[in-house]
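I have placed the structure first, in the form of structure tokens, so that the comments after it can refer back to it.
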Amino acid sequence: MRGTLDGLDPPLDTPHPMGIQLPALYQDDGMAQQVVGALDEVLAPVFCTLDSLQCYIDPLMAPADFVEWLAGWVGVEFDDAWPLERRREIVARAVALHRRRGTAAGIRDAVRLVVEGDVEIFETGAAAWSETPGGRLPGQNPPQLLVRVHTPDPTAVDQRRLDALVAATKPAHVPHQVEVVAGSLSAVEPEPPADG
């Protein structure tokens, strides 16, 4: 509730009427009651907003313009084509995505939020340990990342925005490639990217 509340009947309809909080001397004073009654009308939207603040902070319940504002808090940039429900979901999941940023699972989750379809991640990095020094390092050099998206309609995917999303969520030193292909992941035998 951001704005004046029409039709208030102070003190009954006011969330926190000021007139009944005045000292007893002013409770029977009509002029004092009118002055604070006017203030009740001005302050009622403030009290209503504060009373329901959790609804403004929750992206799943917030007014549409507040979802845009909350997106700025968590570092999310919206695509103009996204509907409000997708924007709400992205803002609600942004903190969890930031926590996993740079990992294969984090990249997969970020891409799934903005593109409808299956996502495959192929990377050349690895982690290992050895009891003997001088062992071979895991993974391949140079590092590479391939993000393949399987979607029913590849023409509906904005390749430039998808590439920018992957660039923003992957480790900065790893070169990447994005492929958008028709179909679903279950119908395709996965193949790793070619070396080079």
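Selection of helices (runs of 4 or more DSSP H) fully inside segment 20-129 by the criterion of at least 3 residues being assigned by TED's automatic domain parsing to the domain that holds ASP153, of a type outside the set (Lys, Arg) and surrounded by 14 or more Cβ atoms within 10 Å (Cβ to Cβ) returns 104-114. Candidates are the residues of segment 159-181 that are among the basic types (Lys, Arg) and over 16 Å from GLU123 (Cα atoms); the one that is surrounded by the fewest Cβ atoms within 10 Å (Cβ to Cβ) is ARG160. Within segment 130-148, restricting attention to residues that are of a type in the set (A, V, I, L, M, F, W, C) and either surrounded by 12 or more Cβ atoms within 10 Å (Cβ to Cβ) or under 37 Å from the mean Cα position of the chain (by Cα) (or both), the residue that is farthest from VAL180 (Cα to Cα) is LEU145.
Per-residue answers, yes or no, for (1) modelled with pLDDT of 90 or more; (2) not charged (D, E, K, R):
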site	(1), (2)
THR124	no, yes
PRO138	no, yes
ARG161	no, no
VAL166	yes, yes
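When the criteria are applied in full, PRO171 meets the requirement of being in a loop (DSSP other than H, G, I, E, B) and within 21 Å of GLU77 (Cα to Cα).
Here PRO63, PRO59 are screened, and the one residue that is touching a helix residue (DSSP H, G or I) at 6+ places or on another chain (Cβ under 6 Å) and over 28 Å from HIS150 (Cβ atoms) is PRO59.
The values are calculated or read from the model by the stated rules, or taken from the named source; none is laboratory data. Given the structure is predicted, the values throughout are model-derived calculations rather than measurements. Glycine gets a Cβ as well: all are built from the backbone with ideal geometry, and neighbour counts include every protein chain shown.
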